[in-house]
1. Extending each Cα 7 Å along its Cβ direction at residue 91 and residue 240, get the distance between those two points in nm, one decimal.
2. Sort 173-180, 98-105 by packing, meaning the average of other beta carbons within 10 Å per residue, with the highest value first.
3. Between residue 251 and residue 271, how many nm apart are label points set 7 Å from Cα along the C-beta direction?
4. Measure off 7 Å from each Cα along the Cα-to-Cβ vector at residue 100 and residue 35, then give the distance between these two points in nanometres to one decimal.
5. Determine, for each peptide in 75-82, 57-64, the mean count of other beta carbons within 10 angstrom over its residues, then list the peptides with the highest first.
6. With a sphere of radius 15 Å drawn around the Cβ of residue 159, what net charge do the other residues whose Cβ falls strictly inside it have (Lys, Arg +1; Asp, Glu -1)?
7. Once you compute Rg and the Kirkwood Rh from C-alpha atoms, what is the Rg to Rh ratio for the chain?
8. Among DSSP bridges having both ends in the chain, what percentage is antiparallel? Round to the nearest 5.
Amino acid sequence: MIRDLPGRAQRTYGRGEVKAKLSAGKTRLDEFYQEGAAKIRIPESFDGSMEAVLINTSGGLTGGDRLQWAMTAEPGTALTVTTQACEKIYKSDSGPATIDSELRVGEGARLDWLPQETILFDDASLNRRLDVDLAETAEFLAIEAVLLGRKAMGEAVQRGQFRDRWRVRRQGTLLHAEDVRMTGDIENLVSQTAVLGGDVAFATLLYCGPRTEILMPKVREALGVSAGGASEWNGKLVARVVAPDGYQLRKSLIPALRVLRDGENLPKVWHL
């Protein structure tokens, strides 16, 4: 006889790792590891760079689920990391879901961290962490975009928790740090002018490298009249963008990302 087993529901766990190396003047795969719900695909490349597409096969995360990613661009390489789809964070009744990402970029290398949007649903709970270690001559581009529900689907986020922690270091010295914390009555929080002014889509863009002063006016021009802005100092460029929905957010982000990628298009999965 089959009996109901007490205890916690099964949780999602996944870990994926990629290390890129320079071989014959091109970026090629050096090390590869995937476990659990974390899968990685490496599309064929026809230039000297490499792209890694991260996949969560569970289809979304809820309380107690955990994903871990570790990406390394060895000296001289060019690695772009993206996701197959938006990451969905569902209602939680057992604590937060967690996503931990560790990135390392070697001398003369470049890593573009370009995940698609994270979608938070009502009563979702997410703790996210991004740790980056840059060599002296490394370049790094990152975006993290968040949607509070899908406006086109009539969804709204009234309550929940979202915590996002970034730490970017160059040769061990802290270059950029930020912490976002949204808890409890999120609907009221984002309605405040000093927060999102009623918008439900927002993103942070970060570029670390030698060309911040040159790129800043181009990024500002690309953002246009959108509700956002960009600043550069101390070898980094930071842009903040808010929008009423995900479609309008992408309309602002894609031109700015193309500027920061020297005119190169975004990964194909962004347009599917």
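1. Rounded to a tenth, the inter-label distance reads 3.2 nm.
2. Final packing ranking: 98-105, 173-180.
3. Result for the modelled spin labels: 1.9 nm.
4. According to this spin-label approximation, the distance is 1.1 nm.
5. Values: 75-82: 21.4, 57-64: 18.5.
Result, highest mean Cβ count within 10 Å first: 75-82, 57-64.
6. -3
7. 0.98
8. On the way: 50 of 106 bridges.
Just about 45 percent of them are antiparallel.
The values are calculated or read from the model by the stated rules, or taken from the named source; none is laboratory data. The shown structure was predicted, so the numbers you read here are calculated from the model rather than taken from an experiment. Note: ideal-geometry Cβ built from the backbone for every residue, glycine included; neighbour counts use all protein chains shown. For the accessible areas, the whole protein counts, side chains as well, though only heavy atoms, and no ligand, DNA or RNA atoms are used. Shrake-Rupley method; radii C 1.70, N 1.55, O 1.52, S 1.80 Å.
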